[in-house]
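To start, the structure under review is shown below, and the notes come after it.
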Amino acid sequence: MSTRSTPILSVLTEDLLIRINEKLVQDSDRKTWRLICKELHRVDSLTRKTLRVLHVEFLLTLLKNYTNLHTLDLSVCPRIDDGTISLLLHHVDHSIWARNLKCLNLSRANGLKFAGLEMLVGGCKGLESVDVSYCCGFGDREAAAISGCGGLRELRMDKCLGVSDVGLAKIVVGCGRLERLSLKWCMEISDLGVELLCKKCLELKFLDVSYLKVTNESLRSIASLPKLEDLAMVGCPFVNDVGLQFLENGCPLLQKIDVARCDCVSSYGLSSLIGGHSGLLHIDAGHCFSEVSPSFVKCTQKLKNLNTIIIDGGRVSDTIFQTISNNCKSLIEIGLSKCEGVTNMGIIQLVSGCVNLKIINLTCCRSIADAAITAIANSCRNLLCLKLESCNMITEKSLEQLGLHCLLLEVLDLTDCCGINDRGLERLSRCSRLLCLKLGLCTNISDKGLLYIASNCSELHELDLYRCKNIGDGGLAALSSGCKKLRKLNLSYCIEVTDKGMKSLGYLEELSDLELRGLDKITGVGLTALVTRCKRLTYLDLKHCEKIDDSGFQVLAYYSRNLRQLNLSYCAITDMTLCMLMGNLTRLQDVDLVHLTNVTVEGFELVLRACCVRIKKIKLVAALSFLLSSEVQGILHARGCKIRWD
């Protein structure tokens with residue numbers, strides 16, 4: 001007598017299902033989980049705390065299903081506006097979803113104005129974190145709406161160019177509990193606004209005033225903040241050593257300071273700041289002063305817990321490295337990009353004392369050779385990230401040492417290191433935890449070297465093969481079978497790649513960013529094979545892929561609905577197909593359409609009218625600025641679209 005077996009899911013309690021669900025970290029795993037059955041989908045709906053919406057047309061349904069959200073990210077929904085917010089708050093189960101919401105990301109929501117923000121603030125009374133960065137229509141009136149969030153603890157307003165001291169004043173008066181505030185690129189904010197901020201928001205722990213036209217008076221005000229831990233003031237042209245001296249005796253809890261690209265700040269001023277803050281953990285003075293003085297480095301002796309120092313662009317000497325080695329035993333990260341005077345001996349001295357280094361940036365340190373990399377590999381066994389772009393003296397010997405000793409390595413940049421070859425990649429492939437590998441302009445590598453990487457580095461997420469002229473279809477076949485987690489791939493000007501290679505790439509279903517610029521051997525057949533399988537593509541560069549015809553672009557229009565950025569410059573697309581493409585790709589926000597010789601002015605007019613609601617950036621040939629109607633250009637500007645004329 002046969003008995004029917006009981007499905008295992010039916011005997012698991014809801015509590016156990018919830019605990020299993022919490023163990024799933026990857027989005028792909030969560031998706032598979034909730035598709036198994038209705039019960040698992042219900043558990044996912046009950047427990048999900050974070051939601052990043054890709055398709056605005058599904059927003060209504062999603063918020064009905066997920067009512068316990070703490071974080072809602074709408075940054076990639078280009079069509080969010082006041083009407084959408086009204087619909088969500090008044091028609092989605094009486095806005096149950098809004099009651100528990102703590103964090104809201106509205107970055108780049110150019111259609112959202114005062115009325116919509118006011119409704120949001122009124123409906124989401126528990127908001128603690130809001131991001132309105134890059135909202136071109138965000139001004140003082142919108143800032144007044146945000147000021148209604150009395151419990152706000154974090155606010156990002158990067159590049160909100162319409163906000164002035166008046167708008168900032170409304171925010172700081174209404175949101176006195178702010179702990180984190182970013183005003184980066186808010187060019188209308190002055191010393192007056194910063195002064196009021198520092199008087200009202202005494203709980204601030206993080207403040208970013210990068211690229212503002214503030215002066216030393218702002219630093220005098222900032223020095224009064226009793227709880228400030230992290231201050232970013234990148235590219236502030238009117239701040240100098242006097243301002244840093246104000247900070248010397250203020251901000252008693254300061255741990256991180258970023259004065260990169262502050263042209264008027266010297267090593268003397270930074271030394272004075274260090275003198276008053278023995279608890280500093282992170283110093284970024286990249287491209288700040290032309291020469292790194294011994295007195296500045298000597299001051300680091302007081303910073304027993306310093307873990308990061310970035311001095312990009314400064315002139316250094318072996319003595320400097322010896323001092324850092326002696327003083328900074330806790331150092332985890334050092335930035336030396338484009339520093340003059342970096343030698344093998346200097347690096348050997350540095351790593352002899354700083355054995356805990358995990359991140360080293362030696363970009364454009366052209367005197368570095370195998371001896372320095374060997375020392376790094378032998379001393380820094382926990383190395384995670386090494387940037388060696390344009391270090392042309394490095395050979396396969398360096399990669400052999402990294403493969404032997406740096407088995408935790410995750411990020412390696414070898415761009416323009418012409419001494420790298422297939423044998424070196426074989427040695428490097430022992431670093432099986434690699435997530436990001438950049439080999440652009442390494443012209444001596446071929447499919448053989450790529451095979452070694454693909455065979456052993458299965459965790460790889462990002463690979464750059466820009467202008468690797470010997471890479472062809474065989475290498476891509478190896479990648480498609482060995483690197484299933486690949487998300488970003490640059491094959492621009494890998495001229496041996498054909499339609500066969502595109503078919504192989506189709507098996508990389510996690511692929512989101514793909515650059516195929518200048519591949520003149522791929523046709524519509526290859527593009528079709530690619531996009532029918534890679535449905536997660538969000539960025540695609542097809543510039544100068546001149547053999548792809550309308551048939552390929554029509555398939556692209558049908559299958560690649562998730563594309564947000566697209567480059568079609570110098571392609572053979574025609575009016576009708578371009579209209580179809582731009583109409584179908586409803587998530588597209590940034591597009592390059594330069595030198596499309598088969599598209600007429602009338603075609604461009606139709607295309608721009610069709611996509612003006614959602615497009616945020618578009619690049620066109622300069623001659624079109626005189627040929628396109630003032631009406632269509634006016635519509636684009638009114639919608640916040642930035643036109644770049646080539």
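One table, with the values for the structure above:
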item	result
Residues of segment 523-631: accessible area per residue with a 1.4 Å probe, Å²	39 Å²
Value of relative contact order over the chain, rounded to a whole percent, pairs C-alpha under 8 Å and six or more apart	5 percent
Apportionment of accessible area to carbon and sulfur, the chain, percent (1.4 Å)	51 percent
Calculated on alpha-carbon atoms, Rg and Dmax of the chain in Å	27.1, 91
Residues of segment 127-168: accessible area per residue with a 1.4 Å probe, Å²	32 Å²
For segment 305-381 versus segment 178-199, the gap between their alpha-carbon centres in whole angstrom	36 Å
Given charges at beta-carbon only (K, R positive; D, E negative), |dipole| of the chain in Debye	1420 debye
Summed residue charge, Cβ within 15 Å of G286's Cβ, Lys/Arg positive, Asp/Glu negative	-2
Part-to-part distance (alpha-carbon centres) for segment 613-646 and segment 555-570, which is given in Å	19 Å
Computed magnitude of the charge dipole of segment 206-328 (debye, nearest 20; Cβ of K, R +1, Cβ of D, E -1)	220 debye
Segment 401-473 versus segment 60-80: alpha-carbon centroid distance in Å	39 Å
Given K448/K488; K521/K617; K184/K304; K213/K256, the pairs whose alpha carbons are separated by over 27 Å	K521/K617; K184/K304
Burial ranking of peptide ranges 218-230, 296-308 (average Cβ count within 10 Å, highest at the top)	218-230, 296-308
Qualifying GluC sites (Glu not before Pro) in segment 465-523, DSSP loop, other Cβ atoms within 10 Å at most 16	E509, E510
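The values are calculated or read from the model by the stated rules, or taken from the named source; none is laboratory data. Just so we're clear, the structure is a prediction, and the values are computed from it rather than from any experiment. Every residue, glycine as well, gets a Cβ built from its backbone with ideal geometry; the counts of neighbours run over all protein chains shown. All accessible areas refer to the heavy atoms of the entire protein, side chains included, with ligands and DNA or RNA removed. Shrake-Rupley method; radii C 1.70, N 1.55, O 1.52, S 1.80 Å.
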